[in-house]
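One structure is given here, and the rest of the page talks about it.
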Amino acid sequence: MWLLLIAVYDFKQRRVPNWLALAGALLALATLAFGTSPLGGDWTNALLGAGIGFCGLLVFYALGVMGAGDVKFAGALGLWIGLSALLPVWLIGSLLAGVHAVLWMVLQRWPVLPGVALMLFGSPSQAVGDTSSTRVRFIPYAAYLALGAAVWMVWGRQSG
């Protein structure tokens, strides 16, 4: 449910609120503390996943190509899935984000299906009115990480 909330919020608003990232992190910590983690994680794997997830995306935030919500979500997601699943989830999420970027480039040059463009990239007024950053972020990376985690939970865990 948390992954769904992240994906919907990031697709619609192009941001991940602090309360949502924090809620996911606290729930992950609670499941670890009570030994009820649905993904069977342990403390070491979870904390390493959180640290690598957060620090790995912090570089992209520092470069101005990713929002802070994406970074916080990656840290919280690392608590849930652990270090061992982080790479496959990053790869799946990055591939999905790459498809999004290619579609954006194609639709910029060939303005067909404006409804699809509006769904993928938001309205032009959203982009113009955004004063929180000097760069407009069209790609909801946290949403794609959430989808990547869902894909991994359904198919990736079956092979392991």
Checking the stretch 1-56 for chymotrypsin sites (Phe, Trp or Tyr not before Pro) in a loop per DSSP with at most 13 other beta-carbon atoms within 10 Å yields 34
So residue 84 and residue 105, fully extended at 0.36 nm per residue minus their Cα-Cα distance, gain in nm 4.2 nm
Expected unfolding gain across residue 155-residue 18 under the 0.36 nm per residue rule, minus the alpha-carbon gap, is 46.4 nm
Note: residue 8 to residue 91 extended length (0.36 nm per residue) minus current alpha-carbon separation gives 27.9 nm
Taking a ≥ b ≥ c as the square roots of the Cα gyration tensor eigenvalues, with a/c under 1.5 meaning rounded and otherwise prolate when a/b beats b/c or oblate if not, the stretch 1-61 comes out oblate
Diffing the stretch 71-85: the Karplus 3J(HN,Hα) column from phi (6.51, -1.76, 1.60, θ = phi - 60°), in whole Hz with x for Gly and Pro, holds 5, 5, 5, 4, x, 5, 4, x, 4, 6, 9, x, 5, 4, 9
The alpha-carbon center of the stretch 10-28 and that of the stretch 62-100 are separated, in whole Å, by 13
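Read the figures in this text as sums done on the coordinates, not as results from a lab. This one's a predicted model, so the numbers in the text were calculated from it and none came from an experiment. Virtual Cβ from ideal backbone geometry, glycine too; neighbours counted across all protein chains shown.
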